[in-house]
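Only the coordinates and a few stated rules stand behind these numbers; no lab work does. Here the structure is a predicted model, which means the values were calculated and not measured. Cβ placement follows ideal geometry from the backbone for every residue including glycine, while neighbour counts extend to all protein chains displayed.
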Amino acid sequence: MSSLGMEQFHHPRAVCQRSRLTPARESLMRGLSGAVMEMGVGDGVKFRFYPAEVREITAVDPDPGLCETAREGCGGLPVRVLTGSFSAMPVPDGSVDAVVCSLTLCAVPRQDEALREIVRVLKPGGELRFYEHVRSANPVVAFTERLVGPLWAQSSGGCHPARDTLRAITSAGFTLDRVDRFDFDRIAHVLGVARR
């Protein structure tokens, strides 16, 4: 899976706009339908790659500047971009069929609160689609990640590559459906689906 490549970070720095669907993003979005909420808006260019079966997209991000950039990247698509905290998202209970997190759960300040919010907004049986940095399985690398974590977070939009995101997802009450693990630039990633 190392050929998947790393997607854009969701934080306030310049983001390279992509005009094609990467294999990781294609896998993340394949089979989505109905109402979808995306956590972390990036530059908005990815919205045009959602499958036609997705009838409604709501994107939430706490950064007003990123939200404005994402609105410009929508290109007239029917996407609602909302500024709001990941710990208290401005989305009604049980209103979405799927939540998409792409390099967001590694950066949220309180992962447990964000996952509780995901559970709240999902319909029963809804999906969490995720593509995230995770703690390395290599103990030496994991130790290094913990050491450099605070500095890395400051320079990378709050990203914490040493988080055990899969454990956090299952602790929030999700069942893992599919998980692909791969390394990119010696940083462990996971790409998968979990169900409520």
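Structure summary
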item	result
Around Val121: net Lys/Arg minus Asp/Glu count, Cβ-Cβ under 14 Å	-1
Label-to-label distance, nm, for residues given as Asp177 and Glu56 (7 Å Cα→Cβ offset)	2.0 nm
Arg167-Arg48 pseudo-label distance in nm [points 7 Å out on the Cα-to-Cβ vector]	4.2 nm
Neighbourhood net charge (10 Å Cβ-Cβ; Lys/Arg +1, Asp/Glu -1) for Ala70	-4
Global form of the range 48-129, assessed from the alpha-carbon gyration tensor, a/c cut-off 1.5	oblate
Difference of contour (0.36 nm per residue) and Cα-Cα distance, Ser95 to Ser33	21.0 nm
³J(HN,Hα) computed for each position of the range 23-35 - Karplus, 6.51 cos²θ - 1.76 cosθ + 1.60, integer Hz, glycine/proline x	x, 5, 5, 4, 5, 4, 9, 4, x, 5, 7, x, 9
Surrounding net charge for Gly94, when Lys and Arg each add one and Asp and Glu each subtract one, Cβ distance under 9 Å	+1
Calculated FRET value between Lys123 and Asp185, using beta carbons and R₀ = 41 Å, to 0.05	0.70
